[in-house]
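The values are calculated or read from the model by the stated rules, or taken from the named source; none is laboratory data. All figures in this text were calculated on a predicted structure; none of them were measured in a lab. Ligands, DNA and RNA are excluded from the accessible area calculation, which covers all protein heavy atoms including side chains. Shrake-Rupley method; radii C 1.70, N 1.55, O 1.52, S 1.80 Å.
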Amino acid sequence: MIEFAPRNSQASAGIGVMPIAIGAVALVLVLLGIGSITLWRAYTGNAPESDRVVAARQLQARAAQASEALVEKTKGLEATQQESIDQLQLVQDQLQTMRRQLAAQQADNKKLSEQVAALTEAVAGLRQSFASTQANDQAAEPSPRKRSKATRTSHRKRSRSRG
């Protein structure tokens, strides 16, 4: 088999130490960054977590206010809707009453129309009978020129006693 011999043993030893040194420097830089951030927050008194908590509480308060406003508006809408329903019921009752009155009035009008028609027929019948009676009376009586004086005076006496 073929064996590989390292060319430079110092070079491989240096490469092995380098990553450890780079890692140590990176660790120190991270720790310095964290420490500086912590000191900066402590010095300024400004912590993003507390700002977030305050913002979250403000959002919760706004949401609660909005929720209460919605509840009040919903109650107002319910009251308005109930008033509208009551008014609609009242209008429907009035409409039903008007329909009943209209139906009763139409029935009365029909009854009166029938009565007027019956009276019209009765009057027409009376006119016909009166006309036929007059025609019969005129045919039965002689003409006034041919009547005697006695007949004329008797007719006058009868008409005076009637009227």
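Summarise the accessible area of the stretch 55-133 (1.4 Å probe, protein heavy atoms) by the percent that is carbon and sulfur.
58
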Distance histogram in 10 Å bins (all Cα pairs of the stretch 45-103, percent per bin): 19, 20, 17, 14, 11, 9, 6, 3, 1
